[in-house]
């Protein structure tokens with residue numbers, strides 16, 4: 001088999017941990033598999049680099065930041081390759097550029113354009129274990145770029161897709177995907193399998209095992225993902241196509257604390273106004289999540305949306321620039337989003353009403369509601385976040 | 001003017017120091033100069049990376065080491081560029097690759113093949129200050145390489161040459177070039193000027209201000225070098241062409257402690273034997289320094305040479321492989337090399353005899369002697385190194 005293994009920051013958080021990762025890679029290699037490893041920076045390194053940059057500037061420019069931040073993964077990849085070679089295995093470290101990861105030029109959150117996998121394939125054909133610095137690539141002009149949060153996962157999935165790998169294992173410090181965060185609900189259970197679609201909703205909704213960009217890409221490229229712990233030998237969670245899976249009504253409950261709500265009151269109710277608002281937000285690279293628009297009255301309407309908390313000020317300023325003077329921009333960052341995810345929802349009615357009742361029983365007021373085929377999301381006051389998760393986990397009997 | 005400024009590890013040894021460097025760069029920029037900056041890793045960083053690599057392997061492979069070691073300079077270049085931008089100056093950080101520094105593939109001690117300076121020129125034309133990560137380049141296959149000790153100086157000189165810069169300033173933590181090491185002889189005086197040739201001898205002989213590779217390259221490319229301190233505003237030392245300079249009899253005394261002597265006794269005295277010995281040493285990339293061969297007797301001869309101490313074992317093993325069984329390989333690493341350098345020597349006799357007498361007066365035995373047009377080098381026991389320096393400094397009245 002050709003296996004891509006990705007090790008996150010805590011998995012390579014010390015020299016001893018890198019040694020343990022080397023041994024794990026070797027176990028797989030000894031089974032006759034071809035191995036490509038993608039590594040993150042050692043935990044803490046990226047934050048230290050960010051702090052150093054902020055010593056000089058509250059808002060350092062992206063090109064320099066990418067030059068700075070990309071160094072952490074390069075160090076880990078070199079050290080792991082050195083460890084593998086010392087143990088008698090032929091390994092080589094690749095920067096994102098050498099691995100052929102070509103991106104656009106949106107510095108600090110670049111998107112992968114394509115993978116030129118020739119150098120990786122050549123090294124694999126020479127019997128080498130290829131150790132790639134995750135999180136980074138290079139744009140068409142040869143500038144170093146980084147892929148934003150969760151970027152190393154994305155590197156791994158993209159490489160797995162380009163190589164048509166049999167498996168892409170994402171190693172972290174947790175055993176897999178749970179029905180909800182075990183720190184909030186100790187009765188949470190690990191899932192053996194979950195569909196891309198469900199994982200996508202869970203990832204984007206605050207289950208931090210995998211970023212949604214990685215799951216989206218895995219789905220698109222049909223990459224067979226497994227998320228598991230590098231600290232033990234427990235089976236992880238398979239993330240795969242929906243077909244043939246038992247359709248659980250609800251697979252999990254997610255809590256996203258990094259939410260801020262913006263409400264626009266008295267917006268001119270005319271064709272194209274929503275398009276204008278959200279294209280401005282897109283131009284600023286603001287990640288808009290939920291969007292709610294009520295039916296308009298007297299030529300005016302109210303419009304609400306949520307953004308990550310650190311993008312709230314940017315979003316508000318963008319709104320003030322384009323909106324009519326009569327429009328009121330309100331915001332609230334003391335909110336969280338609780339979500340119910342499950343492919344089984346598609347074919348079952350009553351899932352939503354059960355959720356609303358469960359929260360009502362706990363006297364939790366729901367600020368915004370948004371639903372998709374396999375997800376129901378609710379904005380509630382931040383102080384009720386954990387309570388809402390536990391109530392919903394119980395109401396769908398996820399601990400059974 | 002177009003000025004290349006290079007800042008060494010102690011000059012960028014902390015965030016505060018990087019800020020100070022930014023201010024110094026800005027002073028030059030405000031005078032209307034175009035500035036290219038080349039930076040080293042923050043002091044200590046490279047050693048930490050080497051220690052991390054050695055945790056895994058006593059002899060890590062060069063390709064991975066270069067991936068590892070090149071990260072330090074990238075961090076410094078990014079941080080300095082961020083600092084400059086924050087202070088209102090348009091700056092950009094370049095990796096060695098982006099700066100177009102193309103090298104051969106001798107990992108960990110690559111040589112620069114050529115500089116493709118288009119990206120630097122383009123950025124300068126856009127009014128930018130270009131901050132280049134020193135010590136690194138890229139080979140023709142796109143692998144990261146590093147240039148070995150003093151590599152950042154070399155980056156700076158090569159870039160200055162390629163850009164036809166008016167000046168290349170090498171900033172360190174010392175004021176310039178001294179008649180000898182002031183820690184050994186407090187009466188040592190700073191030189192205002194020195195020729196490339198003299199500096200070359202001093203650099204290769206242990207005056208650590210500049211590595212000889214950098215001075216050689218500066219001479220070849222006719223780069224106007226200045227070495228000075230980044231910690232004060234003192235004038236430094238100009239390193240320039242010999243023409244028109246007052247020819248001092250002796251400019252300085254150098255001490256090189258990183259020497260080991262190899263003596264080959266009973267070497268077959270036939271044509272080609274020396275060529276064979278030194279081509280084998282060259283193949284192993286061993287830096288041979290002094291070479292002494294006596295006249296042969298009875299078809300056998302003795303041959304002595306010196307190498308850096310850390311290459312002694314490698315050199316001895318290489319010798320054992322090719323030499324006749326009767327040849328005896330002896331070595332001694334408890335030696336130092338003391339050298340007298342001065343362009344004035346060319347036209348004055350008696351310089352050598354004065355030196356030998358000065359050492360004899362101190363009862364210092366001379367193990368090997370080697371002379372060139374502007375240099376006399378002597379191998380003595382390491383315990384007499386400092387004493388020899390002081391005796392020679394006094395005998396040529398360098399404190400006057």
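The one condition from (1) in contact with a strand residue (DSSP E or B) (Cβ under 9 Å, 6 or more places away or on another chain); (2) more than 21 Å from residue B:163 (Cα to Cα) that residue B:137 does not meet is (2). Residues that are within 16 Å of residue B:132 (Cβ to Cβ) and out of contact with any strand residue (DSSP E or B) (no Cβ under 8 Å at 6 or more places or on another chain) within the stretch B:58-81 comprise B:71, B:72, B:75, B:79, listed in sequence order. Restricting attention to the stretch B:85-99, the residues that are at the interface with chain A (Cβ under 9 Å from one of its Cβ atoms) and under 16 Å from residue B:123 (Cα atoms) total 8. For residue A:102, the criteria (1) touching a strand residue (DSSP E or B) at 6+ places or on another chain (Cβ under 6 Å); (2) more than 8 Å from every other protein chain (Cβ to nearest Cβ); (3) closer than 24 Å to residue B:107 by Cα hold in every case but one, which is (3).
Matching residues to (1) surrounded by fewer than 16 Cβ atoms within 10 Å (Cβ to Cβ); (2) free of Cβ contacts under 8 Å to residues at least 12 places away in the same chain; (3) under 23 Å from residue A:184 (Cα atoms):
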{"residue": "A:317", "(1), (2), (3)": "yes, yes, no"}
{"residue": "A:321", "(1), (2), (3)": "yes, no, no"}
{"residue": "A:330", "(1), (2), (3)": "yes, no, no"}
{"residue": "A:335", "(1), (2), (3)": "no, no, yes"}
{"residue": "A:338", "(1), (2), (3)": "no, no, yes"}
{"residue": "A:341", "(1), (2), (3)": "no, no, yes"}
{"residue": "A:355", "(1), (2), (3)": "no, no, yes"}
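Checking each residue in the stretch B:124-151 for being assigned to a loop (DSSP other than H, G, I, E, B) and within 12 Å of chain A (Cβ to nearest Cβ) picks out B:128, B:139, B:141, B:142, B:143.
Residues of the stretch B:99-123 that are farther than 28 Å from residue B:85 by Cβ and in a loop (DSSP other than H, G, I, E, B): B:104, B:105, B:106, B:107, B:108, B:109, B:110, B:111. The residue of the stretch A:53-64 that is farthest from the other protein chains (Cβ to nearest Cβ), among those that are part of a helix (DSSP H, G or I) and touching a residue at least 24 places away in the same chain (Cβ under 8 Å), is A:62. Would you point out the residue of the stretch A:160-181, among those that are in contact with a helix residue (DSSP H, G or I) (Cβ under 7 Å, 6 or more places away or on another chain) and not in a loop (DSSP other than H, G, I, E, B), that is nearest to the other protein chains (Cβ to nearest Cβ)? Checking each candidate, the answer is A:163. May I ask you to verify whether residue B:71 is within 11 Å of another protein chain (Cβ to nearest Cβ), part of a helix (DSSP H, G or I) and surrounded by 21 or more Cβ atoms within 10 Å (Cβ to Cβ)? Taking the combined requirement at face value, the residue satisfies it. Residues that are surrounded by 22 or more Cβ atoms within 10 Å (Cβ to Cβ), in contact with a strand residue (DSSP E or B) (Cβ under 6 Å, 6 or more places away or on another chain), over 23 Å from residue A:76 (Cβ atoms) and not assigned by TED's automatic domain parsing to the domain that holds residue A:23 do occur in the stretch A:206-214, at least one of them.
Table: residues versus (1) within 29 Å of residue B:50 (Cβ to Cβ); (2) crowded, with 24+ Cβ neighbours inside 10 Å.
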| position | (1), (2) |
| --- | --- |
| A:44 | yes, no |
| A:49 | yes, no |
| A:59 | no, no |
| A:116 | no, no |
| A:130 | yes, yes |
| A:133 | yes, yes |
| A:145 | yes, yes |
| A:152 | yes, yes |
| A:156 | yes, yes |
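Taking residue B:79, is it outside any loop (DSSP other than H, G, I, E, B), under 24 Å from residue A:108 (Cα atoms) and within 7 Å of chain A (Cβ to nearest Cβ)? So residue B:79 fits the description; yes.
If the condition is being at pLDDT below 80, farther than 29 Å from residue A:387 by Cβ and surrounded by 17 or more Cβ atoms within 10 Å (Cβ to Cβ), then the stretch A:246-270 contributes only A:269. For the stretch B:8-52, a residue qualifies if it is in a loop (DSSP other than H, G, I, E, B) and within 14 Å of residue B:76 (Cβ to Cβ), and the qualifying residues are B:8, B:9, B:10, B:11, B:12, B:13, B:14, B:40, B:41, B:42, B:43, B:44.
The values are calculated or read from the model by the stated rules, or taken from the named source; none is laboratory data. Predicted model only: the values in this text are computed from it and were never measured. Here Cβ is always computed from backbone atoms with ideal geometry, including for glycine, and neighbour counts include all displayed protein chains.
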